[in-house]
Structure formats: structure tokens, C-alpha cells
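Peer 1: Next up is a structure, given as C-alpha cells.
The values are calculated or read from the model by the stated rules, or taken from the named source; none is laboratory data. These numbers come from a predicted model, not from an experiment. A quick note on method: Cβ atoms are made from the backbone with ideal geometry, for glycine too, and the neighbour counts reach across all protein chains shown.
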Amino acid sequence: MWDYTDKVLEFFYNPKNQGVLEDKGETGVKVAVGEVGSIACGDALRLHIKVDEDTNKILDARFQTFGCTSAIASSEALVELVKGKTLDEALNISNKDIAEYLGGLPQEKMHCSVMGQEALEAAISNYRGIPLAAHDDDDEGAIVCTCFAITEPKIRRIIEENKLTTAEEVTNFIKAGGGCGTCLATIDDIIIDIQRNSTYYTTSNKGNIDGKLSDKPLTPVQKIALIQKVLDEEIRPILIADGGDVELYDVDGDRVRVILQGACGSCSSSFATLKHAIEAKLQEHISHNLVVEAVNN
Ligand code: FES
């Protein structure tokens with residue numbers, strides 16, 4: 001049984017905005033529809049918006065949703081949020097706004113809020129008669145999750161927008177990985193790649209100790225990404241300047257195994273390099289518990 005907020009249950013049992021809006025040919029008013037999902041995949045949402053063509057304000061909206069409690073409640077919340085807003089204001093509504101309006105959604109149901117945001121964007125794009133502008137890369141890249149036909153650009157966007165840190169969270173938000181599961185390793189790789197290059201993850205992690213990111217323990221994926229990042233940014237430049245280098249070989253719990261290369265691998269003070277230049281730096285940035293060992297190349 002999911003732990004739903006009172007608002008979610010209220011919107012599910014008594015949705016006031018379910019239905020369709022028909023274009024009756026009123027002067028200065030236009031109706032547009034945006035559709036996302038598919039009934040075959042379990043959830044589908046069709047959003048109707050009625051727009052004042054002079055002011056670009058959304059005068060009214062309705063939804064038709066095939067889905068669970070969260071999908072219905074997210075659709076209702078979406079309609080409440082968009083009414084009275086201009087199209088540009090509405091485009092600023094994020095899936096997080098929808099979830100917050102409901103007082104929160106179970107993590108496993110966050111994909112319902114994402115579906116709402118995407119239906120809104122689709123409806124506005126249809127109104128304007130232009131292709132989806134904000135996420136037109138989503139359909140362009142390689143498909144990572146064949147079960148749900150979800151591309152790498154879309155997975156990257158959702159991870160970055162929602163600061164996701166595990167493949168499980170990605171599944172909760174967009175279902176990728178929730179079928180056969182063969183794409184989960186690729187999703188992990190994408191998360192690592194984003195964490196390596198993201199300012200958010202860099203600043204959030206830096207200075208935290210004992211394997212903690214804010215109040216949450218680092219996941220194994222986060223820990224590996226952070227170790228690699230500290231190696232690349234704080235340690236390797238110094239070693240390379242001295243004619244050496246280091247490569248991350250393996251991380252097993254708090255045991256970090258590295259390969260010393262170049263001058264570092266052959267010099268008499270390689271043990272000191274290991275302990276003072278590498279281990280001390282990793283302990284300073286990530287966890288006092290880390291122990292660094294060298295393996296042979
Ligand atoms: S390929 Fe992603 S769940 Fe099957």
C-alpha cells in the first residue's frame with residue numbers, strides 16, 4: 001500500500017478537472033491538446049488547454065488520464081497549477097512543482113509528475129504549432145531502455161533536473177530500468193558520467209567526510225565517481241607534473257586500489273606518494289576511513 005498524502009487522495013477521489021475541452025470556434029480563444037505515455041506502457045495522459053490568444057493566458061484546462069492514483073492526482077494538480085498562467089509561466093512548472101503541490105509523491109510514483117510536465121509542454125507546443133522546443137533532444141539519441149523506448153538524452157535530462165543519484169531513482173521517475181533491467185548498468189554509467197562533470201555534485205560532495213553526501217551515505221556509484229573526481233582534479237595534476245600518474249583500479253568498500261604509473265611506480269618514495277599524496281587527499285575530501293593500496297600494473 002502506497003503512503004499517499006491527503007491531497008493525493010482528495011484529488012484522486014474527487015477530481016474536478018477530468019474531461020475534455022472542445023474547440024467551439026470562439027473568437028480569440030484556441031484549444032490545444034498534449035498527449036504523453038501510452039496505455040500499453042501503463043500510463044497515458046491527454047491534457048487540454050484553452051488559451052486566450054491575445055494574452056496567452058490559459059483560461060481553462062482538463063485532463064484524461066489512464067493510470068494509477070498518482071497519475072490521476074498529478075493530472076489534477078497540473079490543471080490547478082496551469083489555470084490562469086500565461087504559456088511562458090506555465091512552461092516554468094516542473095515535475096517537482098506538481099509533486100510539491102500534492103504534498104509529495106512516493107518516490108516510486110514520481111514518473112506521474114514527470115508525465116504531467118511533459119503533457120503540458122506537448123500541449124503548449126501544439127498550441128504554438130512548433131515542435132517540442134525544450135526537450136527536442138529527448139527522442140534523438142540512442143535508446144538506452146528498449147523496454148520503455150527511453151533515450152540517453154532523456155535519461156540525462158531527468159537525472160540532472162532532479163539531481164538523481166541511483167538507477168532506482170531513474171526508474172521511479174521515468175520507468176527506465178523497470179522492465180527487464182538490462183539497461184540498469186548503462187544508467188549507472190550515465191549517472192557516474194554526470195557526477196564527474198556536474199558542478200552540483202562537485203560542490204555538494206566536496207568537504208563532506210566519512211562517506212556522507214549531505215545527510216545521506218554515499219552510494220557505491222557516488223563513492224567511485226567522487227574518488228575518480230578527486231584523483232582527476234586534485235591528485236593527478238600534481239603527479240603528472242612530477243612525471244608520474246595514478247589510475248583507479250578498483251573500489252571495494254573503503255579499500256581503494258590504484259595503479260601507480262610512470263615515475264610514481266618506480267621511484268623509491270612510491271609508498272609515501274600512496275599515503276600522503278593520494279590517501280590523505282581522498283580522506284580529506286571523501287572519508288577518513290578510506291585506505292589506498294597499490295596494485296601492480
Ligand atoms: S531495457 Fe530497460 S528495463 Fe528492459
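Peer 1: Being of a type in the set (D, E, K, R), surrounded by 16 or more Cβ atoms within 10 Å (Cβ to Cβ) and farther than 19 Å from residue 110 by Cβ, is that true of even one residue in the range 62-78?
Peer 2: yes
Peer 1: I've got another one for you. Could you tell me how many of the residues in the range 166-194 are part of a loop (DSSP other than H, G, I, E, B) and within 14 Å of residue 149 (Cα to Cα)?
Peer 2: Here is the first cut: in the range 166-194, the residues part of a loop (DSSP other than H, G, I, E, B) are 166, 175-183.
Pick out the ones that are also within 14 Å of residue 149 (Cα to Cα) and you get 175-183.
Qualifying residue count for the region: 9.
Peer 1: Go through (1) surrounded by fewer than 16 Cβ atoms within 10 Å (Cβ to Cβ); (2) away from the ligand (no atom under 16 Å from the Cβ); (3) modelled with pLDDT of 85 or more and name the single condition residue 120 misses.
Peer 2: So the condition that residue 120 fails would be (1).
Peer 1: Here's another thing I want to ask about it. Give me the pairs: first residue in the range 168-183 and away from the ligand (no atom under 11 Å from the Cβ), second residue part of a loop (DSSP other than H, G, I, E, B) and modelled with pLDDT of 90 or more, beta-carbon distance under 8 Å, and six or more apart or on different chains, which are they?
Peer 2: 168/177
Peer 1: Sort through 78, 9, 59 and tell me the only one that's of a type outside the set (Lys, Arg) and more than 30 Å from the chain's Cα centre (by Cα).
Peer 2: Details: 78 fails: more than 30 Å from the chain's Cα centre (by Cα); 9 fails: more than 30 Å from the chain's Cα centre (by Cα).
Going through 78, 9, 59 in turn, just one is of a type outside the set (Lys, Arg) and more than 30 Å from the chain's Cα centre (by Cα): 59.
Peer 1: Quick one: how many residues across the range 153-167 are within 12 Å of the ligand (Cβ to nearest atom) and not β-branched (Val, Ile, Thr)? Lay out the reasoning, then the answer.
Peer 2: First pass over the range 153-167, keeping only residues within 12 Å of the ligand (Cβ to nearest atom): 155, 167.
In the following step, the residues that additionally are not β-branched (Val, Ile, Thr) were identified as 167.
Total meeting the criteria: 1.
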